[in-house]
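Read-outs throughout are calculated quantities, based only on the coordinates presented, and are distinct from any laboratory measurement. Model, not experiment: these values are computed from the prediction. So basically every Cβ, Gly included, is an ideal-geometry build from the backbone, and we count neighbours across all protein chains shown.
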Amino acid sequence: MKMRIGNPYLGVMILSFLTSFCALSSELSHLNLNGSVAETSDELSLRTKGLSLTNNRRNFVYPFDGAQSDALDFGVSQFDSHGTAAEIHFDHSLTEVWLGKKYKDQFFYRVFLGHDEIEGEKDSSFTKYKVEFEYKKEDLYSKLSYGHRSTIFDYRYPKAINSYLKTHPSDFLILWTPGKYRAKALFLEETLSDGNSASYQDLELKYNVSFGEYWVLVGGGLEVYKNSKQFQGYWTPETFISFGPRFEASGPFVRSTFFSFALNLNRFEDENNDHGQGHYLNVALQSAQRNTNHFKVGYEKIQSTQRSSLWSFSRPYISYNHFW
Amino acid sequence: MLIKVSIDLEDILPKYLENRRKEVDELKAFLASKDLDSLKTRGHRLAGNAPSYGMEALGSLGVKIERDVQNNDLTNMEGYIQEIENFLNSVEVEYVDEDEDW
């Protein structure tokens with residue numbers, strides 16, 4: 001993998017951030033290192049590695065221990081990928097900085113600015129950005145975001161690589177947890193750089209049947225994905241609908257380790273009434289609870305069968321989270 | 001055979017077609033040696049890749065190869081490979097702007 005523009009600046013940024021953390025952290029600082037290898041049965045492969053640093057560890061939905069009511073957050077990340085898709089080899093890198101502000105445990109906003117670069121059939125780069133607003137009150141959480149980014153991780157190949165397809169996504173997420181229910185609604189609208197536009201909705205309702213220290217949720221979900229134009233160069237169904245039962249579980253495993261498990265079973269159909277079925281699976285094991293330094297290893301799998309043809313996607317991943 | 005393909009794929013389609021032409025001899029060799037796993041894998045990849053390049057006809061042949069190998073039915077396999085070869089020998093590509101009606 002060749003050295004890219006983003007990398008030479010990373011060392012300087014890390015040093016300046018590490019110095020700043022000591023003075024400006026009101027909560028524990030957070031270092032995350034991660035890597036994954038994704039492969040599909042039709043020859044896509046994508047190896048990624050990333051590093052991110054933030055002055056205050058932050059999860060607005062499920063706060064870490066010791067989270068302050070008001071805080072000023074900032075961070076930096078570097079994400080590198082090397083892949084082959086539709087018989088094209090490419091390298092991709094994203095260097096990003098962000099600034100966030102949290103108010104009274106109810107509002108949180110972040111502004112991201114990044115340098116996104118690809119090397120492959122064509123070398124190109126652009127400025128990535130995103131703004132997001134989060135609001136939380138009692139059992140209601142919502143998040144609104146808008147940005148400009150590449151489509152490398154949407155698997156829109158080969159156009160994501162050879163034409164460096166980009167998107168302006170706006171999305172709105174609502175999580176509502178009345179009593180033992182958890183309802184989720186995600187609405188995404190996007191305008192793509194090739195003139196296409198797409199929408200995606202994910203609706204989910206789960207019921208909490210947790211016992212003891214074990215968190216167990218069962219329910220169902222519906223996804224709808226639409227494209228205004230049926231372009232070549234990536235998957236652009238006019239209407240794709242997927243629905244089925246969903247399960248989630250997490251809790252203590254052996255010794256001080258913790259597990260998490262998610263399974264979605266799907267039946268799907270497109271505008272041609274072409275039916276199929278599949279599943280999404282994500283299992284992970286964590287070396288300690290999330291508030292302390294920990295390693296995490298996991299495995300993600302998607303499998304679908306349509307017209308007796310089996311397609312699969314697999315992605316083992318690993319991460320390390322350090323707090324100080 | 002004239003096929004309309006997005007102008008956005010103009011820089012990568014020639015190489016894709018060249019790779020498919022090279023693959024025809026491999027498919028014939030896999031069939032001759034009854035290497036069904038390799039035949040099935042190539043059929044699956046063709047079914048996945050070809051439509052992204054605007055080559056639905058090639059993709060359909062990939063689907064047929066994968067399906068028939070799965071069913072242990074090699075009766076039409078030689079014919080499918082011949083159809084792929086004929087397609088690749090006769091295909092002419094017209095690059096068009098997808099934003100215009102076509």
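Quick notes on this one:
- In order along region A:216-229, the Karplus-derived 3J(HN,Hα) couplings, from 6.51 cos²θ - 1.76 cosθ + 1.60 at θ = phi - 60°, round to 10, 10, 10, x, x, x, 9, 10, 10, 10, 10, 10, 6, 10 Hz, and Gly and Pro are given as x.
- The relative contact order of region A:243-324 comes to 22 percent, based on Cα pairs under 8 Å that sit 6 or more residues apart.
- Of the residues B:93, B:27, B:5, the one whose Cα sits farthest toward the positive end of the charge dipole of chain B, with +1 on the Cβ of Lys and Arg and -1 on the Cβ of Asp and Glu, is B:27.
- Cα gyration tensor shape of region B:1-97, rounded if a/c is under 1.5, else prolate or oblate by comparing a/b with b/c: prolate
- Highest GNM mean-square fluctuation among B:83, B:92, B:26, for chain B modelled with Cα contacts below 10 Å: B:92.
- In a reduced charge model with +1 at each Lys and Arg Cβ and -1 at each Asp and Glu Cβ, chain A shows a dipole moment near 780 debye about its Cα centre.
- If R0 equals 45 Å, the separation of the Cβ atoms of residue A:293 and residue A:133 corresponds to a calculated FRET efficiency of about 0.90.
- Contour excess over end-to-end distance, with Cα ends at residue A:68 and residue A:125 and 0.36 nm allotted per residue: 16.8 nm
- Chain A: calculated mean residue ellipticity at 222 nm from DSSP helix runs of at least 4, using -39500 (n - 2.57): -2000 deg cm²/dmol
- Inter-chain Cβ neighbour average for residues A:227-236, partner chain, 10 Å: 4
- Couplings 3J(HN,Hα) of region A:60-65, computed from phi: 6, 6, 10, x, 6, 4 Hz, in residue order, whole Hz [Karplus 6.51 cos²θ - 1.76 cosθ + 1.60, θ = phi - 60°; x for Gly and Pro].
- Out-of-range pairs (alpha-carbon distance over 22 Å; input A:159/B:15; A:180/A:226; A:49/A:296; A:184/A:229; A:159/B:4; A:184/A:296): A:180/A:226; A:184/A:229; A:184/A:296
- Of all lysines in the structure, those lying under 19 Å Cα to Cα from residue B:28, and not within fewer than 8 positions of it along the same chain, are B:40, B:64.
- Calculated FRET efficiency, residue A:61 to residue A:224, Cβ-Cβ distance, R0 = 25 Å: about 0.55 to the nearest 0.05.
- Scanning residues 5 or more positions from residue A:157 or on other chains, those with amide H under 5 Å from its amide H are A:235, with H placed 1.01 Å from N in the peptide plane.
- Phi-derived couplings, Karplus 6.51 cos²θ - 1.76 cosθ + 1.60 at θ = phi - 60°, listed residue by residue for region B:70-83: 4, 8, 6, 10, 9, 3, 9, 4, 4, x, 5, 5, 5, 4 Hz, with x used for Gly and Pro.
- Qualifying chymotrypsin sites (Phe, Trp or Tyr not before Pro) for region B:36-94 [loop in DSSP, other Cβ within 10 Å: at most 11]: none
- For region A:24-106: rounded, prolate or oblate by the Cα gyration tensor [a/c cutoff 1.5]: prolate
- Taking A:235, A:324 and counting other C-beta atoms within 10 Å, the order from fewest to most: A:324, A:235
- Highest GNM mean-square fluctuation among A:80, A:171, A:139, for chain A modelled with Cα contacts below 10 Å: A:139.
- Across peptide A:33-46, the mean count of Cβ atoms from other chains lying within 10 Å of each residue's own Cβ comes to 2.
- Here the residues A:168, B:44, ranked from fewest to most Cβ neighbours within 10 Å of their Cβ, fall in the order A:168, B:44.
- Partner aspartates and glutamates whose Cα lies under 19 Å from the Cα of residue A:137, excluding those fewer than 8 positions away in the same chain, are identified as A:65, A:70, A:105.
- Burial ordering of B:55, B:77, fewest other beta-carbon atoms within 10 Å first: B:77, B:55
- Mean-square fluctuations from a GNM of chain A, with a 10 angstrom spring cutoff on Cα atoms, peak among A:105, A:154, A:123 at A:154.
- Under 16 Å from the Cα of residue A:101 - lysines, other chains or at least 8 residues apart: A:130, A:136, A:143
- Note on region B:2-95: with charges restricted to the Cβ of Lys and Arg (+1) and Asp and Glu (-1), its dipole about the Cα centre is near 220 debye.
- Sequence-distant residues sharing a close amide H with residue A:38 (under 5 Å, placed H): A:46, A:47, A:48
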